[in-house]
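This report concerns only the one structure given below.
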Amino acid sequence: MNALQHLEQHKVIQSFDRVAQTYEQWAKLQKIVGENLLERLDWLKINPHQILEVGAGTARLSRHLTQRYPQAKIYSIDISTKMLQVAQTRVAQKPSQPYFICANASQLPLADNSIDLLMSNLMLQWCNDINLVFAEFARVLKSDGTLFFSTFGPDTLIELRQSWAQVDNASHVNYFVDMHDLGDALLHAGLIDPVMDVDRFQLTYADIRKVMRELKQIGAQNITAGRPHGLMGKTKFNAMLAAYEQYRTKEGLLPVTYEVVYGHAWGPKNQKSLPTSSHTVTIPISQIKKAN
């Protein structure tokens, strides 16, 4: 990731805070990918006692996990307080309700070797340092713990990216990490036996403006450091629309590609050898309280 592709984290928080109330009604692809991620749990016969979801958003995935593992304690972490506030209104008032924690994925406020199952659905693309995030995942996972995650790969929004590239050299689409680089980062973090695979979704629209509106509704607009600042001129925007027309199908629709990368790995065997961020504050699971 170069400096222009760097994500401004305060903008990430602002974007998701802004859309928290209506996020679930627009995040249809996120729902599908989350369901696919849950299905992958069928591969393993596990009975986790401590579950962590990182990038929980409105905690749709966590709600399913409470039903699947009613005896487990579930901790839902997100960087957006507004998302977590909405999440709290959508869980049943039961002892198995998730604990909501506002924190950054690169600085998890959890004790070492404490989590049996860690899940993250379409969150990693909002992180600038994948190596640091995976190091944190490895730190909190037990040696027999397991990680399941999904994220977007570099072919995501490729039509939009290439159309903008014909207009100027600015950063108009967020950066997405390649599957092979993700696999390397998992190994570098000490996670064991990583398995990666890719799925592709191609949605179609009559007007690309609708795509951009939908991205804004889920907080996924361009927030890279190299994005154009100020109002976008009509000339450039119309030039992008004209460039996108090369993709229009014979049915008269415009395709939008999403490359979804799925990953699975096991916790590290030698916890003592793992690097820990000097800024990480760790607290025992027993001391975490439900957010108010």
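The values are calculated or read from the model by the stated rules, or taken from the named source; none is laboratory data. A quick note: this is a predicted structure, and the numbers were derived from the prediction, not measured. FYI the Cβ positions are ideal-geometry reconstructions off the backbone, even for glycines, and counts take in every protein chain you see.
Looking only at residues in the range 67-88 that are β-branched (V, I, T) and under 18 Å from T146 (Cβ atoms), which one is farthest from the chain's Cα centre (by Cα)? Among those residues, the one meeting the criterion is I74. State which residue is modelled with the lowest pLDDT when the search covers only the range 2-20 and only residues that are exposed (fewer than 15 other Cβ atoms within 10 Å of the Cβ) and part of a loop (DSSP other than H, G, I, E, B). Checking each candidate, the answer is N2. Within the range 57-94, the set of residues being part of a helix (DSSP H, G or I), of a type in the set (V, I, T) and touching a residue at least 60 places away in the same chain (Cβ under 8 Å) comprises T81, V86.
Counting only helices (runs of 4 or more DSSP H) that sit completely within the range 115-210, those holding 1 or more residues that are out of contact with any Cys (no Cβ under 8 Å at 6 or more places or on another chain) and within 30 Å of K236 (Cβ to Cβ) correspond to 158-165.
Restricting attention to the range 34-50 and to residues that are surrounded by fewer than 16 Cβ atoms within 10 Å (Cβ to Cβ) and polar (S, T, N, Q), the residue that is farthest from G145 (Cα to Cα) turns out to be N36.
For E53, the stated conditions do not hold, so it cannot be described as under 25 Å from G263 (Cα atoms), assigned to a helix (DSSP H, G or I) and not small (G, A, S). Scanning the range 21-46 for residues that are of a type in the set (A, V, I, L, M), modelled with pLDDT under 95 and out of contact with any strand residue (DSSP E or B) (no Cβ under 8 Å at 6 or more places or on another chain) turns up just one, A27.
In the range 139-160, the residues that are touching a residue at least 12 places away in the same chain (Cβ under 8 Å) reach residues that are of a type in the set (K, R) and part of a strand (DSSP E or B) with C-beta atoms within less than 8 angstrom, at least six apart or across chains, in these pairs: D155/R200.
For the range 128-176, residues that are among the hydroxyl-bearing types (S, T, Y) and either surrounded by fewer than 21 Cβ atoms within 10 Å (Cβ to Cβ) or more than 14 Å from L186 (Cα to Cα) (or both) total 5. Look at the range 9-33: where a residue is closer than 17 Å to Y258 by Cβ and a partner is basic (K, R) and surrounded by 16 or more Cβ atoms within 10 Å (Cβ to Cβ), sitting 6+ places away or on another chain with Cβ atoms under 7 Å, you get K31/R60.
Could you tell me whether E53 is crowded, with 20+ Cβ neighbours inside 10 Å and modelled with pLDDT of 90 or more? Here the answer is yes, as E53 does meet what is asked. Of the residues in the range 115-137, not one is modelled with pLDDT of 95 or more, among the charged types (D, E, K, R) and under 15 Å from K269 (Cβ atoms).
For the condition part of a helix (DSSP H, G or I), of a type in the set (K, R) and touching a Gly at 6+ places or on another chain (Cβ under 7 Å), R40 does not qualify.
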